[in-house]
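Contents: one structure, followed by commentary.
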Amino acid sequence: ISDLNDQIVARSSTNLDVSDMKDQRDKDIDEMAKIIDIRYFYRSNGDAVIFTSGGRTMVDSLGVTLKHTSAGTMDSTLTHSGGAIDGIYVGTEIAGNDITNEIKGGEMKGLISLRDTTLPNLQSQLDEMASTLRDTINQIHNRGTPFPGLQSVTGSRTFVDSSTQLMYLDPTSSADDVTIAIFDANGNQQAATTLNTIMTSATFGTALSSRGVSNDWTIDQVASTLQAWLQSASGANLGSATASVNGSGKFTISLNDTSKYIVFRDETASTNGSTNQDAEIGWDADGDTNVDKTVSGFSNFLGLNDLFTDGLADNIWETNVLAKTFSSTAATLTFEDTTGALGNVSIAAGKTLAEVASTINTANLGVTATVVTDGAGSRLRISNDNGRSTTVTDTAANTLLTSMGMHIADVRVAGTLEVRSDIQTSPANISRGVMQWNSNLGAAGEYFLSAGDDTLSVALAASLTSNNTFETAGGILGGSSTFNEYSGSILSNNASKAATLKSNMDIQTSLTESLQVKSDTIRGVNLDEEMSNLILFQQAYSSSARVIATIQKMFDALERIL
């Protein structure tokens with residue numbers, strides 16, 4: 001267009017015909033308008049000046065280059081608002097020249113909306129369903145066991161500092177306990193104890209305070225005490241058994257005995273055979289003696305017998321979907337990763353999500369905070385710059401993280417969720433039954449496992465048709481529904497949007513065609529009008545020819561007379 005401008009101005013100044021050039025320029029402007037929303041006008045010298053609808057100059061004497069560097073790889077955590085996707089720049093590549101959010105129409109707007117809104121919303125919906133499925137099924141699966149138990153287990157929870165991070169057994173009522181039992185290949189009990197029993201006994205290490213808010217069990221202490229009981233002759237008598245937090249920060253247990261199996265059972269009290277019910281586990285992620293989160297089930301807390309795994313590091317945290325009008329309460333946030341404490345950030349009251357993100361980023365702690373759009377609201381997302389597993393906590397008096405629903409991000413879970421690898425290899429490792437109590441076994445009752453027990457299988461099947469709690473995600477409001485109902489909501493929501501867009505496209509196509517016809521009548525060639533003019537010219541020519549012929553006859557007659 002800029003080149004045609006130069007030629008039109010130059011030829012017009014010497015009174016040369018520029019009709020074809022103007023027609024070509026009009027076509028090019030039409031093509032440009034299909035790509036991006038523009039405004040334009042003509043100067044008296046024939047020059048065309050073009051702006052975006054946001055007022056950015058595209059063509060004015062000289063053309064301006066539009067620049068964008070495509071991402072080498074893409075995943076659902078990368079966003080333009082977070083800076084991971086390059087902008088669309090008019091001229092120099094600086095933030096002030098990024099027109100991505102200014103584009104309001106054309107093919108580019110459609111692609112930007114697809115990339116930054118439509119697909120992320122769908123991704124959020126799928127991630128919410130996948131994460132809820134993972135958490136629901138894993139909680140149930142951790143209540144049971146395959147027959148006759150497991151010989152080695154590795155948890156899914158990552159501990160960034162197991163020497164200082166604490167767990168509390170039933171911090172609310174100090175009653176729940178966890179039975180730890182060893183069975184033979186026939187499901188017969190070989191040894192049994194409770195977590196609170198061994199943790200408060202000097203026999204297996206330094207006696208610690210009992211369960212509840214008064215205890216201070218680090219994850220390493222739990223591992224070392226469990227190992228001591230497993231190896232002790234007065235315990236499980238498995239001299240080669242180990243329990244520890246491995247180099248990846250996972251809680252791991254190995255009996256190293258092919259004839260013995262370990263099983264966990266949460267109960268409402270320490271008495272043998274107490275009611276089987278998830279134990280309440282308080283989780284102190286930063287070791288400040290304040291419970292940061294409560295988890296149901298000891299095995300579920302550690303992730304010792306998960307059915308589904310996602311293989312993701314805990315390096316991204318995010319809030320629930322929050323309203324655009326969100327305002328923070330005052331808080332001091334603490335960040336820590338596998339290298340140690342990263343630092344603290346003080347958040348003042350009354351801050352927007354964008355201001356909270358800016359405050360975190362200004363602290364330069366090795367984490368990056370961004371605000372990402374999700375449906376009609378936004379999320380605050382915090383990522384470790386080095387991809388390390390991270391914890392984000394606040395003090396006991398602070399409620400900011402709770403009010404925001406801050407949690408390990410579920411983004412990308414839908415693309416990585418899978419059945420645990422050993423279960424894929426050996427389906428017999430799936431939990432089918434539970435550890436049961438029989439008061440008639442042994443001297444005073446014993447726990448046992450039954451090969452025909454399908455308690456867990458029934459519970460797993462029932463969970464798929466029971467109501468579960470879903471958070472707001474991708475424009476679908478949170479609430480209680482079954483997995484079938486929620487998946488149906490995803491399909492209907494996106495089908496409705498597709499139908500609406502199809503209808504809008506049909507309307508716009510019809511309008512475009514109508515306007516194109518009107519435009520062509522003004523600046524294009526009207527065949528009917530030109531044919532009419534041609535007929536008039538032909539008739540005029542014929543009349544002129546007859547007049548000339550008549551005059552010629554008159555001259556001939558005059559010559560003969562003379």
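In the set (1) within 23 Å of the chain's Cα centre (by Cα); (2) buried (at least 21 other Cβ atoms within 10 Å of the Cβ); (3) among the small types (Gly, Ala, Ser), the condition left unmet by residue 130 is number (2). Per the conditions (1) in contact with a helix residue (DSSP H, G or I) (Cβ under 8 Å, 6 or more places away or on another chain); (2) within 30 Å of residue 142 (Cβ to Cβ), the sole criterion not satisfied by residue 494 is (2). Is there a residue in segment 121-142 that is farther than 21 Å from residue 474 by Cα, of a type in the set (Lys, Arg) and out of contact with any Pro (no Cβ under 6 Å at 6 or more places or on another chain)? Within segment 121-142, not a single residue is farther than 21 Å from residue 474 by Cα, of a type in the set (Lys, Arg) and out of contact with any Pro (no Cβ under 6 Å at 6 or more places or on another chain). Selection over segment 202-223 of residues that are more than 37 Å from the chain's Cα centre (by Cα) and within 15 Å of residue 180 (Cα to Cα) gives a count of 1.
Quick check: anything in segment 135-148 buried (at least 18 other Cβ atoms within 10 Å of the Cβ), on the phi < 0 side of the Ramachandran plot, within 20 Å of the chain's Cα centre (by Cα) and at pLDDT 95 or above? So far as segment 135-148 goes, yes, one or more of its residues are buried (at least 18 other Cβ atoms within 10 Å of the Cβ), on the phi < 0 side of the Ramachandran plot, within 20 Å of the chain's Cα centre (by Cα) and at pLDDT 95 or above.
Residues in segment 310-341 that are of a type in the set (A, V, I, L, M) and either without any contact (Cβ under 8 Å) to a residue 40 or more places away in the chain or under 22 Å from residue 127 (Cα atoms) (or both): 312, 313, 316, 321, 322, 323, 341.
Scan segment 158-170 for residues that are touching a Phe, Trp or Tyr at 6+ places or on another chain (Cβ under 7 Å) and closer than 20 Å to residue 138 by Cα and jot them down. Answer for segment 158-170, where residues must be touching a Phe, Trp or Tyr at 6+ places or on another chain (Cβ under 7 Å) and closer than 20 Å to residue 138 by Cα: just 167.
Here are some residues: 202, 185. Which one is of a type in the set (A, V, I, L, M, F, W, C), without any contact (Cβ under 8 Å) to a residue 60 or more places away in the chain and surrounded by fewer than 21 Cβ atoms within 10 Å (Cβ to Cβ)? Can you show your working first?
Details: 185 fails: without any contact (Cβ under 8 Å) to a residue 60 or more places away in the chain.
Selected residue: 202, the only one of 202, 185 that is of a type in the set (A, V, I, L, M, F, W, C), without any contact (Cβ under 8 Å) to a residue 60 or more places away in the chain and surrounded by fewer than 21 Cβ atoms within 10 Å (Cβ to Cβ).
When the residues of segment 206-226 are filtered to those that are free of Cβ contacts under 8 Å to residues at least 24 places away in the same chain and part of a helix (DSSP H, G or I), the one that is surrounded by the most Cβ atoms within 10 Å (Cβ to Cβ) is 221. The residue that is modelled with the lowest pLDDT, counting only those in segment 208-242 that are under 14 Å from residue 284 (Cβ atoms) and aliphatic (A, V, I, L, M), is 213. Against the criterion of being touching a strand residue (DSSP E or B) at 6+ places or on another chain (Cβ under 8 Å) and in a loop (DSSP other than H, G, I, E, B), residue 174 does not qualify. Once segment 356-385 is narrowed to residues that are closer than 28 Å to residue 291 by Cβ and more than 18 Å from the chain's Cα centre (by Cα), the residue that is surrounded by the fewest Cβ atoms within 10 Å (Cβ to Cβ) is 366. When we screen 214, 254, 248, 210 for residues that are out of contact with any strand residue (DSSP E or B) (no Cβ under 6 Å at 6 or more places or on another chain) and farther than 22 Å from residue 168 by Cα, the only hit is 248. Do we find a residue being assigned by the TED database to the domain that holds residue 286, touching a helix residue (DSSP H, G or I) at 6+ places or on another chain (Cβ under 8 Å) and of a type in the set (Lys, Arg) anywhere in segment 150-157? Yes, that holds for at least one residue.
Scan segment 253-274 and tell me whether some residue there is aromatic (Phe, Trp, Tyr) and surrounded by 21 or more Cβ atoms within 10 Å (Cβ to Cβ).
Pass one, segment 253-274, residues aromatic (Phe, Trp, Tyr): 261, 264.
Narrowing further to those that are surrounded by 21 or more Cβ atoms within 10 Å (Cβ to Cβ): 261, 264.
Looking through segment 253-274, at least one residue is aromatic (Phe, Trp, Tyr) and surrounded by 21 or more Cβ atoms within 10 Å (Cβ to Cβ).
For segment 227-250, a residue qualifies if it is free of Cβ contacts under 8 Å to residues at least 24 places away in the same chain, in a loop (DSSP other than H, G, I, E, B) and among the hydroxyl-bearing types (Ser, Thr, Tyr), and exactly one does: 240. What number goes with the only condition from (1) within 28 Å of residue 202 (Cα to Cα); (2) surrounded by fewer than 18 Cβ atoms within 10 Å (Cβ to Cβ); (3) in contact with a Ser or Thr (Cβ under 9 Å, 6 or more places away or on another chain); (4) not basic (Lys, Arg) that residue 302 does not pass? Status for residue 302: all satisfied but (2).
Filter segment 275-292 for residues that are touching a Gly at 6+ places or on another chain (Cβ under 8 Å) and either closer than 24 Å to residue 339 by Cα or surrounded by 22 or more Cβ atoms within 10 Å (Cβ to Cβ) (or both); which is modelled with the lowest pLDDT? The selected residue is 291. Could you grab me the full set of residues in segment 51-72 that are in a strand (DSSP E or B) and under 26 Å from residue 8 (Cβ atoms)? Hits for segment 51-72 are 51, 52, 57, 58, 59, 60, 62, 63, 66. Between 457, 450, which is surrounded by fewer than 20 Cβ atoms within 10 Å (Cβ to Cβ), not β-branched (Val, Ile, Thr) and not in a loop (DSSP other than H, G, I, E, B)? Matching residue, one of 457, 450: 457. In segment 72-80, is there at least one residue being surrounded by 12 or more Cβ atoms within 10 Å (Cβ to Cβ) and in contact with a strand residue (DSSP E or B) (Cβ under 6 Å, 6 or more places away or on another chain)? Yes.
If only residues of segment 159-182 that are of a type in the set (A, V, I, L, M, F, W, C) and more than 23 Å from residue 275 (Cα to Cα) are counted, the one that is surrounded by the fewest Cβ atoms within 10 Å (Cβ to Cβ) is 160.
The number of residues in segment 305-333 that are of a type in the set (Val, Ile, Thr) and surrounded by fewer than 19 Cβ atoms within 10 Å (Cβ to Cβ) comes to 4.
Kindly check whether there is at least one residue in segment 325-337 that is more than 16 Å from residue 408 (Cβ to Cβ), among the hydroxyl-bearing types (Ser, Thr, Tyr) and in a strand (DSSP E or B). Give the derivation first.
Step one: filter segment 325-337 for residues more than 16 Å from residue 408 (Cβ to Cβ), giving 325-332.
Filter again for among the hydroxyl-bearing types (Ser, Thr, Tyr), leaving 325, 327-329, 332.
So of that shortlist, the ones also in a strand (DSSP E or B) come out as 332.
Yes.
The values are calculated or read from the model by the stated rules, or taken from the named source; none is laboratory data. Worth saying up front: this structure is predicted, and the values here are computed from it rather than measured. Glycine gets a Cβ as well: all are built from the backbone with ideal geometry, and neighbour counts include every protein chain shown.
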